[in-house]
Each structure stands twice: as C-alpha cells, then as structure tokens.
1. When region 11-65 is examined, which residues are found to be among the polar types (S, T, N, Q) and closer than 16 Å to residue 111 by Cβ?
2. From 95, 40, grab the single residue that is under 21 Å from residue 120 (Cα atoms) and either under 12 Å from the mean Cα position of the chain (by Cα) or surrounded by 12 or more Cβ atoms within 10 Å (Cβ to Cβ) (or both).
3. What helices (runs of 4 or more DSSP H) completely inside region 1-64 contain at least 2 residues that are β-branched (Val, Ile, Thr)?
4. Would you check if there is a residue in region 115-128 being surrounded by 13 or more Cβ atoms within 10 Å (Cβ to Cβ) and more than 20 Å from the chain's Cα centre (by Cα)?
5. Only one of these conditions is not met by residue 49: (1) surrounded by fewer than 14 Cβ atoms within 10 Å (Cβ to Cβ); (2) modelled with pLDDT of 95 or more; (3) not small (Gly, Ala, Ser). Which number is it?
6. What number of residues within region 52-73 are within 23 Å of residue 30 (Cα to Cα), over 11 Å from the mean Cα position of the chain (by Cα) and crowded, with 16+ Cβ neighbours inside 10 Å?
7. All but one of (1) modelled with pLDDT under 85; (2) assigned to a helix (DSSP H, G or I) hold for residue 81, so report the exception by its number.
Amino acid sequence: MVTVIEINLKWALLSYMTSAVLVFLFAEFESRLLYIFFLGYYPILKAIIERIKKPVIEWFLKILSFNLAVLVVYMIFAKPMGIDFSDFETLGKYGAIIVLSLGNLAFVLYDIAVSRMATVYMWVVRPKLKNILK
C-alpha cells in the first residue's frame, strides 16, 4: 500500500513479487497461499479498481476478486488434501455458503481497514516521515 502511494503501481507489483518469494521460502503453507493468492497483491488491485470511481462496480470487482482467490486457494489447498464441501455439513446443508458468506463479510471489513490504514498513513505517518527526512 505504501509503495502504491509513494512510488507507483509497477514498483508496488515488484515489491509484491519479491515479498511473495520470501513468503514462499519462509512461511507456512497456508500463509503462503493466503499471501500469494490474495492478501499480498490486494492493496495494488484495490488501487487499480478504485480508479473506476463507481462504487457499485468497484465493490462488484473487489468481491469477485476475493471469491476467485478463495476458489483458487480451495483448488490448490483443499482438493489435494481431501477436503471437500461436504466437510462443511456440520453447519447444515448450507454450511459452505455460510462459510463463504462470512469470508465475504471479513473481506469487506479487510477492504475498509486497508482504506483506513492508507488514510492514517497519508495524514499521520507520511507527514512525520517527511519531517524526519528533511
């Protein structure tokens, strides 16, 4: 997020790719998947999507990207490990839908948190850094 704000999208993407390699080398498997397939690049994607300036389209694209990432992670992680949607049946026949809905709610909160962190950076942290670096 800071790289998007301070430099540009190209450098932010390079920073993401570099950190993704480090995560791949040093993090646990599940953490790797979450970072590489969503959390790591999402602030960059968010910056691109929010250029549209049409909230309904922006939210549609954001939620679509989240759900695609969940699907990819499921295909990479759950299928090979033998985890199936039937494992959600302890929550009833709509267990998978309930879990995905809660995931979408958590994603919306994450998106709002990223926006607020960007605001705090711009209005609180960045001015202090500029004073220190003078």
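The values are calculated or read from the model by the stated rules, or taken from the named source; none is laboratory data. Note that the structure is a prediction, hence the values are computed from the model and not measured. Every residue, glycine as well, gets a Cβ built from its backbone with ideal geometry; the counts of neighbours run over all protein chains shown.
1. Residues of region 11-65 that are among the polar types (S, T, N, Q), as a first pass: 15, 18-19, 31, 65.
65 - this is the single residue of region 11-65 that is among the polar types (S, T, N, Q) and closer than 16 Å to residue 111 by Cβ.
2. Numbers: 95 fails: under 21 Å from residue 120 (Cα atoms).
Answer to the selection: 40.
3. On the way: elements: 2-6, 9-26, 29-34, 42-49.
Once the helices (runs of 4 or more DSSP H) in region 1-64 are filtered for at least 2 residues that are β-branched (Val, Ile, Thr), what remains is 2-6, 9-26, 42-49.
4. Step one: list which residues in region 115-128 are surrounded by 13 or more Cβ atoms within 10 Å (Cβ to Cβ), which gives 115, 117-118, 121, 126.
Restricting the remaining residues to those that are more than 20 Å from the chain's Cα centre (by Cα) gives 126.
Yes, there is a match, as at least one residue in region 115-128 is surrounded by 13 or more Cβ atoms within 10 Å (Cβ to Cβ) and more than 20 Å from the chain's Cα centre (by Cα).
5. Of the numbered conditions (1) surrounded by fewer than 14 Cβ atoms within 10 Å (Cβ to Cβ); (2) modelled with pLDDT of 95 or more; (3) not small (Gly, Ala, Ser), the odd one out for residue 49 is (1).
6. 1
7. It is condition (2) that residue 81 fails.
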